[in-house]
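Structure, as structure tokens:
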């Protein structure tokens, strides 16, 4: 099969991101200049975002058997590139005083974004694995980035190794599942699984099909840190520098979820009762475990880690619902919730990153005491993000939760809805706990250090996210219409 | 449009109040007072148009994907309640005038946003919008308790928030089931109240969906057994917070029962009525008893609130004209009397820094004006004829008697208990021996002129309700008889279908 120029055109965003990484590398090779490298990365990612956004209305094409470039993948390409750009901006002040080479971090960030873009565009096991590993490999590096710094506040090496070992094991599971699928169908496209489901293949028999699917699900569950595959999450989140945690928690999760959604939609894997049961158990366990374990944490990153486990459980409800519901409402629910989740997680981690730096990470809950009176705008943004995570109206998180409830009601998943309500109820406690710390009387003994002018752009990012949070929470109709259109194509 | 203007005014006024703090810390309270007075004037202009079924309404598409519209409308019942909201809003600003000195801007921001949420709840006729406002009023209230509250504020604020939010989510699921059934039956998404009234259910599902609404409203009301957040929230909240909580927020639950829970599910509500009325009777008697055992004066008043709101539940589930009129009247009168009692308790705490009643005594000689005011509102709360509370509770019992004789007889004992604890408070605090060793009485001063002005306004309100209740009954009569006939038709139709 030959590639023509018209095949390359839909890949423009991917090529732009790749070009950004290469160019950044070249710049570092010619002259080490921190600000320049950052600027190159940000510009490239911005360009990719814009190009992907302009292509969205017109492109719908399978490029090689590996990648599908349709409205849905472009939508998530936009989100991924924009989030990566935001993270790059947030990293800039954070890493400014790192006593080490700082530029390569942005290379890793660019390469990770290539992986994420491949993931959101894949409907083939090979591209899934390629994207996933590209993303993960770069993340190992990003997580361990401050490893040479003497008094680094955290344990980047521990986090990185933990993530590396467990992630590799999960990939192994996933690959073995894929191999079993291949053994029966002879292809690796997601749609091939339909043949398994319908029992059209001679192969090894239905028992093996279920095993294959469950192994894939286990691998995915690990990457999404669904309970009981969640053990690594709090440790890795806590040990990594905050921008890397942000990347892991937002793009890493969303990319994997898009793959899962496409896989479920293309393969009819939910025809197997066993798979539905396992997914339901994963969802319920994640919601309860995530929320319960977050209750007594003292570290903001650990709280957000556990809360992300719970949130992934929430979204899984909509995935399960897609099997029972006609029409695309559950796909829309997943899409909207992921968008909401990206905004609120970026915002919440962003606030932590703005008041931290690579030498002093302010991730203990006490660091936030009196933030409302010391720096009201920052506290307002953080409060907004936390309330949104809790699903309170006026914020995008409420609309997201509304979607999930709607999907759950249509599919009549009553038990999962009960889990969702209980989980959200518990969740209120730890979100409000942070909010309460912020409104307490200020403790003058520990003034906030600021990264000075370098933080200005980071504040800008937070402002953009906060405005998005409110606009999508109060007037979500335009985005809903967009999501309705793109979800029909998946 | 006037409804949009009222709500927008409160939201914008809140933001303005917050910003003006940096100019002058005394400015926020002025801005807040001005805003709420302006909204009250706007609302009063609506009174000129009370002939029509809907005095004012506004409808616009909001989220077309789900058929959600921005639909506000006011009828007689809503109008009475939003008037109460604005009136008590002004009173609460008055009670906070000198008490809140720290971070006043943010305080008045929260106060106005709570009021905006409450007005939204009383006027929204799209169920999604209703739920939206229902939740919007929680967050500012949480901040009011958590920031300006007393010694155990974190616990109280958290409890308040979690109770109302979790039960709110149950209501959200019920709303969604309702909307989904509408979709299945007609093929179109809608959250419009009038559309959803036509949804029909089969089997036990109606009861479950109704329960989702009932639990949310009963929590807010509150009714035994989900009332335990209220004494904590009330005793920890600053005075203005208690005024809004007792005077207005509790009424949103009762309003929800009248407007949504019963009319949307007439058959299930009829079946459920004996249970709800039993809960109401238990609330009335049990909380009156518990109130009697309190040492903390604010907790005592909080429990009496639960007890009085029991009459509202009783009246709503009796579901006939007298009972409903009684419920509405009780809501209004209790709004004023409870708010006044909380202001008195808050005023005492502000002066002597304790809420512990055994330490008090003999204040009549020291603060005679305060004592007389307290006596007036205690007597109002215990149901003295001639004042608003009597009309409300009498009508509620009269209506309930037609529905369920035994429960009404039992509930009527609540009136006797009310006399006991009300007079008990007066005896404990204002009579007996004065002993200044137990508290710091250096700031013990009588009510100021400004305070007398607020209490005077509330007294006039209660006397008006007691002497000429017809002016209030007329306003709500149209709404209530409309609801009654609609549900009777629906219930008859349901019975016919069943046969």
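The values are calculated or read from the model by the stated rules, or taken from the named source; none is laboratory data. None of these values were measured; they are calculated from a predicted model. Please note: Cβ atoms are built from the backbone with ideal geometry, for glycine as well, and neighbour counts cover all protein chains shown.
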* Structure fact -> Given (1) facing another protein chain (nearest Cβ under 10 Å); (2) buried (at least 24 other Cβ atoms within 10 Å of the Cβ); (3) modelled with pLDDT under 90, residue A:373 misses just (2)
* Structure fact -> Reported set for the range B:66-116 where residues are under 17 Å from residue B:13 (Cα atoms) and within 14 Å of another protein chain (Cβ to nearest Cβ) is B:103, B:104, B:105, B:106, B:107, B:109, B:110, B:113, B:114, B:116
* Residues located in the range A:384-402, provided they are within 22 Å of the chain's Cα centre (by Cα) and facing chain B (nearest Cβ under 9 Å) -> A:387, A:390, A:391, A:392, A:398, A:399, A:401, A:402
* Structure fact -> residue A:100: passes all of (1) surrounded by fewer than 18 Cβ atoms within 10 Å (Cβ to Cβ); (2) part of a helix (DSSP H, G or I) but (2)
* Would you please name the residue that is nearest to residue B:411 (Cα to Cα), looking only at residues in the range B:269-295 that are in a helix (DSSP H, G or I) and free of Cβ contacts under 8 Å to residues at least 24 places away in the same chain? => B:275
* Of all the residues that make up the range B:380-415, how many are on the phi < 0 side of the Ramachandran plot and surrounded by fewer than 21 Cβ atoms within 10 Å (Cβ to Cβ)? -> 15
* Meets criteria (touching a helix residue (DSSP H, G or I) at 6+ places or on another chain (Cβ under 8 Å) and more than 24 Å from residue B:402 (Cβ to Cβ)) for residue B:259 -> no
* Pick out the one residue from A:409, A:381 that is in contact with a helix residue (DSSP H, G or I) (Cβ under 6 Å, 6 or more places away or on another chain) and within 9 Å of chain B (Cβ to nearest Cβ). => A:409
* **Which listed residue, of B:173, B:121, is at the interface with chain A (Cβ under 10 Å from one of its Cβ atoms), touching a residue at least 24 places away in the same chain (Cβ under 8 Å) and under 24 Å from the mean Cα position of the chain (by Cα)** => B:173
* Qualifying positions in the range B:137-157 - surrounded by fewer than 21 Cβ atoms within 10 Å (Cβ to Cβ) and within 7 Å of chain A (Cβ to nearest Cβ) -> B:154
* Asked: Which condition number in (1) surrounded by 24 or more Cβ atoms within 10 Å (Cβ to Cβ); (2) more than 9 Å from chain A (Cβ to nearest Cβ); (3) under 18 Å from residue B:261 (Cβ atoms) is the one that residue B:134 fails?
  -> (2)
* Only one residue in B:390, B:376 is outside any loop (DSSP other than H, G, I, E, B) and farther than 23 Å from residue B:453 by Cα. Which one? -> B:390
* Which listed residue is within 22 Å of residue A:484 (Cβ to Cβ), out of contact with any strand residue (DSSP E or B) (no Cβ under 6 Å at 6 or more places or on another chain) and at pLDDT below 90, from A:326, A:332 -> A:326
* **Condition check for residue A:64: touching a helix residue (DSSP H, G or I) at 6+ places or on another chain (Cβ under 9 Å) and on the phi > 0 side of the Ramachandran plot** => yes
* Quick one: would you say residue B:54 is touching a strand residue (DSSP E or B) at 6+ places or on another chain (Cβ under 6 Å), surrounded by fewer than 24 Cβ atoms within 10 Å (Cβ to Cβ) and more than 14 Å from chain A (Cβ to nearest Cβ)? -> yes
* the range B:78-98, subset at pLDDT below 90 and surrounded by fewer than 24 Cβ atoms within 10 Å (Cβ to Cβ), residue farthest from the chain's Cα centre (by Cα) -> B:98
